[in-house]
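Chemist: I have a structure here, written as structure tokens, and I will follow up with some questions on it.
The values are calculated or read from the model by the stated rules, or taken from the named source; none is laboratory data. Remember, predicted model here, so these are calculated numbers, not experimental data. Methodologically, a virtual Cβ is constructed for each residue, glycine included, from the backbone with ideal geometry; neighbour enumeration extends over all protein chains shown. For accessibility, only protein heavy atoms count, side chains too; no ligands or nucleic acids. Shrake-Rupley method; radii C 1.70, N 1.55, O 1.52, S 1.80 Å.
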Amino acid sequence: MHTHALAEYMQCIYRGDWQGVAELMLSSADKLVKIGADFLICPDNTIHQALPLVEPRSPLPWLHIAEVVAAQAVERGFRRLGLTGTRYLIDSEVYPEKLAAHGLEYVRPNPAEREEINRIIMDELVYGVFRPEAVAYFQRVLGRMKTEGCDAVVLGCTEIPLIMNESNSPLPTLDSTRLLARAALGRAVEGAAAPA
């Protein structure tokens, strides 16, 4: 396991430097390959935006978080997903491309919702602040998505499951971080069982 500080990534993201994000990811990849990793994952949804810049130069293959979520959504029979996450993620094509490839529809938060969700993530959840008002806000947004025909919601940020889950969400949840961890474990066990 290796990561650079979130602050280093955010400096690149704030200035729209996705190549800089890619270089940080490749730096981690190089360290991990040297200690024997067989494949790579990144539990941060937002920085997956740089993955197309990373993959051609990566020393190992990556599991894509949105691909894992899309496959799980299909397996569970969902058809139209609400997306939540940082505004950088929601404004990107990280999830839309993978969902569309699986025949899934999606609904993004509206611009005002994107800003408030981003504020809650970056100004509260990242700092361990969990307020009932934040939960209520997410519940309103997810409730609106439900009325727009969503049958599940992607919790597309490592921090969102700190306050939202199956028990308090108006929609079934797809916890991207947890799903990626399970997929990685499955792949690692599969790889360990493969004959040499």
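Chemist: Taking Y127, is it of a type in the set (F, W, Y) and open to solvent by 10 Å² or more (accessible area, probe 1.4 Å)?
Modeler: It is true that Y127 is of a type in the set (F, W, Y) and open to solvent by 10 Å² or more (accessible area, probe 1.4 Å).
Chemist: Within region 21-30, does at least one residue satisfy the condition of being in contact (Cβ under 8 Å) with a residue 60 or more places away in the chain, under 19 Å from A184 (Cβ atoms), open to solvent by less than 40 Å² (accessible area, probe 1.4 Å) and not in a loop (DSSP other than H, G, I, E, B)?
Modeler: At the first step, the residues of region 21-30 found to be in contact (Cβ under 8 Å) with a residue 60 or more places away in the chain are none.
Checked against the condition, which is being in contact (Cβ under 8 Å) with a residue 60 or more places away in the chain, under 19 Å from A184 (Cβ atoms), open to solvent by less than 40 Å² (accessible area, probe 1.4 Å) and not in a loop (DSSP other than H, G, I, E, B), region 21-30 yields no hits at all.
Chemist: Hydrophobic (A, V, I, L, M, F, W, C), under 21 Å from V126 (Cα atoms) and over 12 Å from the mean Cα position of the chain (by Cα): which single residue out of A71, A7 fits that description? Working first, answer last.
Modeler: On the way: A71 fails: under 21 Å from V126 (Cα atoms).
Being hydrophobic (A, V, I, L, M, F, W, C), under 21 Å from V126 (Cα atoms) and over 12 Å from the mean Cα position of the chain (by Cα) holds for just one of A71, A7, which is A7.
Conditions tested, residue by residue: (1) in contact (Cβ under 8 Å) with a residue 60 or more places away in the chain; (2) in a helix (DSSP H, G or I); (3) under 20 Å from L40 (Cα atoms).
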residue	(1), (2), (3)
V69	yes, yes, yes
A73	yes, yes, no
G82	yes, no, no
Y95	yes, yes, yes
A112	no, yes, no
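Chemist: Further, regarding this structure: Listed residues P111, P52; which is of a type outside the set (A, V, I, L, M) and under 23 Å from E148 (Cα atoms)? Quick ask: steps written out before the conclusion?
Modeler: Numbers: P52 fails: under 23 Å from E148 (Cα atoms).
Selected residue: P111, the only one of P111, P52 that is of a type outside the set (A, V, I, L, M) and under 23 Å from E148 (Cα atoms).
Chemist: Restrict the check to region 37-51 and report whether at least one residue is open to solvent by 30 Å² or more (accessible area, probe 1.4 Å), without any contact (Cβ under 8 Å) to a residue 60 or more places away in the chain, over 19 Å from R187 (Cα atoms) and not charged (D, E, K, R).
Modeler: yes
Chemist: Examine region 133-155 for a residue that is in a strand (DSSP E or B), touching a helix residue (DSSP H, G or I) at 6+ places or on another chain (Cβ under 8 Å), farther than 30 Å from A37 by Cβ and open to solvent by less than 30 Å² (accessible area, probe 1.4 Å), and state whether such a residue exists.
Modeler: At the first step, the residues of region 133-155 found to be in a strand (DSSP E or B) are 152-155.
Restricting the remaining residues to those that are touching a helix residue (DSSP H, G or I) at 6+ places or on another chain (Cβ under 8 Å) gives 152-155.
Add one more test, that the residue is farther than 30 Å from A37 by Cβ, and what stays is 152-153.
Within this subset, residues satisfying the condition of being open to solvent by less than 30 Å² (accessible area, probe 1.4 Å) are 152-153.
Yes, region 133-155 contains at least one residue that is in a strand (DSSP E or B), touching a helix residue (DSSP H, G or I) at 6+ places or on another chain (Cβ under 8 Å), farther than 30 Å from A37 by Cβ and open to solvent by less than 30 Å² (accessible area, probe 1.4 Å).
Chemist: In addition: Test L125 against the stated conditions and say whether it is at pLDDT 95 or above, within 30 Å of A37 (Cα to Cα) and within 18 Å of the chain's Cα centre (by Cα). If you could, list the steps in order and put the result at the bottom.
Modeler: Numbers: at pLDDT 95 or above: yes; within 30 Å of A37 (Cα to Cα): no; within 18 Å of the chain's Cα centre (by Cα): yes.
No, not satisfied.
Chemist: Now for a different question. Any chance you could count how many residues in region 80-122 are more than 14 Å from the chain's Cα centre (by Cα), open to solvent by less than 10 Å² (accessible area, probe 1.4 Å) and not hydrophobic (A, V, I, L, M, F, W, C)?
Modeler: Total meeting the criteria: 1.
Chemist: Is at least one residue of region 173-180 without any contact (Cβ under 8 Å) to a residue 24 or more places away in the chain and not in a helix (DSSP H, G or I)?
Modeler: Yes, region 173-180 contains a residue that is without any contact (Cβ under 8 Å) to a residue 24 or more places away in the chain and not in a helix (DSSP H, G or I).
Chemist: Another one. Within region 52-79, can you find the residues that are touching a His at 6+ places or on another chain (Cβ under 9 Å), crowded, with 17+ Cβ neighbours inside 10 Å and farther than 18 Å from L32 by Cα?
Modeler: Scanning region 52-79 gives I65, A66, E67, A70, A73.
Chemist: Considering every residue within region 131-154, establish whether at least one is within 17 Å of the chain's Cα centre (by Cα) and among the aromatic types (F, W, Y).
Modeler: Yes, that holds for at least one residue.
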